[in-house]
Each structure stands twice: as structure tokens, then as C-alpha cells.
Amino acid sequence: MPNRFKEGDAVRVKFEIRPGHIRTPMYVRGKTGIIAAYYGSFPNPEKLAYGGDGLPPVPLYGVRFHLSQLWSDPSLKDILQMDIYEHWLEPA
């Protein structure tokens with residue numbers, strides 16, 4: 001599967017409530033970040049968790065978030081980089 005995003009792209013994490021094994025924490029859902037890296041495509045861990053084959057593979061990205069945006073505190077200056085699969089991302 002070709003990757004949809006490239007380094008430097010602004011993305012928003014989809015704000016969805018899904019049951020079961022989810023690899024995307026609630027505190028980043030609905031937040032905007034920047035693609036820092038593309039790692040390649042891997043089996044979908046949400047499908048693997050329930051005995052599936054995880055196919056088709058899903059692109060995985062390193063996404064950077066400013067902590068001040070995640071926690072609504074302008075005094076926070078650090079950045080968090082988190083690995084997020086493409087099906088959780090949309091253009092910002």
C-alpha cells in the first residue's frame with residue numbers, strides 16, 4: 001500500500017471511539033501533528049490482536065505533537081513523537 005503522507009505534512013488524528021484493542025491513545029485523538037517519519041507498511045495490529053492476519057499492511061508514521069497542544073498548557077515546550085498507523089490519520 002503506498003503511503004498517503006510525507007514528512008512535514010500536517011495531519012489530524014481521527015477522533016473515533018472504537019471498541020477493542022486500539023493502538024492510538026485517546027489523548028491524541030482529534031489533535032493535529034506533523035509527520036516526522038514514514039517507517040513502511042506493517043500488518044494492522046488491531047486485526048492481529050484478534051487472531052487475524054493483519055492484511056493488507058498499513059503504513060506507519062512517526063507523528064510529532066507539541067505538548068502544549070495536547071494538554072492545553074502554553075508553558076509546555078516539549079514535543080512528543082508517537083507511532084500512528086495511517087488509518088487513524090487525515091489531512092489537517
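The values are calculated or read from the model by the stated rules, or taken from the named source; none is laboratory data. Everything quoted here is computed from the prediction, not taken from an experiment. Here the Cβ is made from the backbone with ideal geometry for all residues, glycine too, and neighbour counts use every protein chain on show.
Remarks
- Some residue of region 50-68 being touching a Leu at 6+ places or on another chain (Cβ under 9 Å), surrounded by 12 or more Cβ atoms within 10 Å (Cβ to Cβ) and polar (S, T, N, Q): yes
- Of all residues in region 51-66 being over 11 Å from the mean Cα position of the chain (by Cα) and of a type outside the set (A, V, I, L, M, F, W, C), the one that is farthest from ASP9 (Cα to Cα): GLY51
- Restricted to strands (runs of 3 or more DSSP E) entirely inside region 12-92, those with at least 1 residues that are touching a residue at least 40 places away in the same chain (Cβ under 8 Å) and among the charged types (D, E, K, R) are 79-85, 89-91.
- Members of region 72-86 found to be surrounded by 14 or more Cβ atoms within 10 Å (Cβ to Cβ) and modelled with pLDDT under 95, listed by number: LEU76
- Total residues in region 5-60, condition modelled with pLDDT under 95 and of a type in the set (Lys, Arg): 3
- Any hit, region 20-32, residues being more than 13 Å from the chain's Cα centre (by Cα) and of a type outside the set (A, V, I, L, M): yes
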